[in-house]
């Protein structure tokens, strides 16, 4: 192929798929129809006060044992639950790996965004039913990946009350271009950017060196977060903290700055996971009042890297 044709192929993906070679239907790619129609069915999750306490401890809540506001999350007497625990309860597991017919390259999936909206207080123990479904599949183009938007609703098994809605966006780096075979949804309105002015409120939160070893016990046993050899193969100098742990730390910061550690005052929290965190780093939560919301971001101080951006919370 000449240089001119290479440039044309790069600019015009439709032309590229018309060159002689494998037919589009012969090339493994994300199956839009099957992926868009995916539903988890009912996922039943029974948990105890120990699980709720472990989740809080993994986020560093209770680091000051004399702070009664934090004590309520780690002491079974009148136990409260960190709201972002809704993101990990009654989840369907790594279904994109287990469903080969979807055609998703599960080795190139990155957790991009996460949100939780509370409709009622999370009970400190009980049984919840999670119902997850794909609500949008966006093609960013050949070589640019695709984004899956997934919604999970949590119901109390005993009362059938809707407790929380969790939304996540998964960046499928290896699955761009699927819409050439048909299908694809419009991208949603993007998260608003972080304000371009000094933050109005700041809190620094230390992460424990063993934070990932603790947090994995909340449900995500990916060896990337504990095995140095696996982390090295993925290009990291050491195991990284779970993205949802960074998200939970942001929630902890908002509870301290705006809610006096009262979880009932936090109605929703969402944000974009923008860079990995290494256990032991200090996370600075930077916040701004924006109308009826709090805009926030999280920075790893030792490297001066923003690890969570485009954050918004209703408090």
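The figures follow:
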| quantity | calculated |
| --- | --- |
| Proxy reagent accessibility, fewest Cβ within 10 Å first, across 45, 242, 225 | 45, 225, 242 |
| Overall Cα dimensions of the stretch 26-187 - principal axes, largest extent first, Å | 61, 34, 25 |
| For the stretch 162-207, convex hull of alpha carbons as volume per residue, Å³ | 243 |
| Computed lengthening from residue 48 to residue 265, 0.36 nm per intervening residue step minus Cα-Cα distance | 75.8 nm |
| Likely footprinting exposure, 43, 137, fewest C-beta neighbours within 10 Å first | 43, 137 |
| Whole-percent pair-distance distribution, where bins are 10 Å wide, for the alpha carbons of the chain | 6, 25, 32, 24, 10, 4, 1, 0 |
| Sum of -39500 (n - 2.57) over DSSP H runs of 4+, divided by residues of the chain (222 nm, nearest 500) | -5000 deg cm²/dmol |
| Residue among 280, 126, 292 with the largest mean-square fluctuation in a Gaussian network model of the chain, springs linking Cα atoms under 10 Å | 292 |
| Span from the the stretch 118-169 Cα centroid across to the the stretch 231-309 one, whole angstrom | 20 |
| Ordering of 146-154, 33-41 by burial proxy (mean other Cβ atoms within 10 Å per residue, highest first) | 146-154, 33-41 |
| Angle in degrees between helix 49-58 and the longest Cα principal axis of the chain, rounded to the nearest 10 | 70 |
| Tail weight of P(r) past 18 Å, computed on alpha-carbon pairs of the stretch 178-269, percent | 65 |
| Relative contact order %, the chain, counting alpha carbon pairs below 8 Å whose residues are six or more apart | 18 |
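Rule-based calculations on the coordinates, nothing more; no lab input. Please read all numbers here as calculations on a predicted model, not as lab measurements. In this analysis, Cβ positions are derived from the backbone assuming ideal geometry, glycine residues included, and neighbour counts consider all displayed protein chains.
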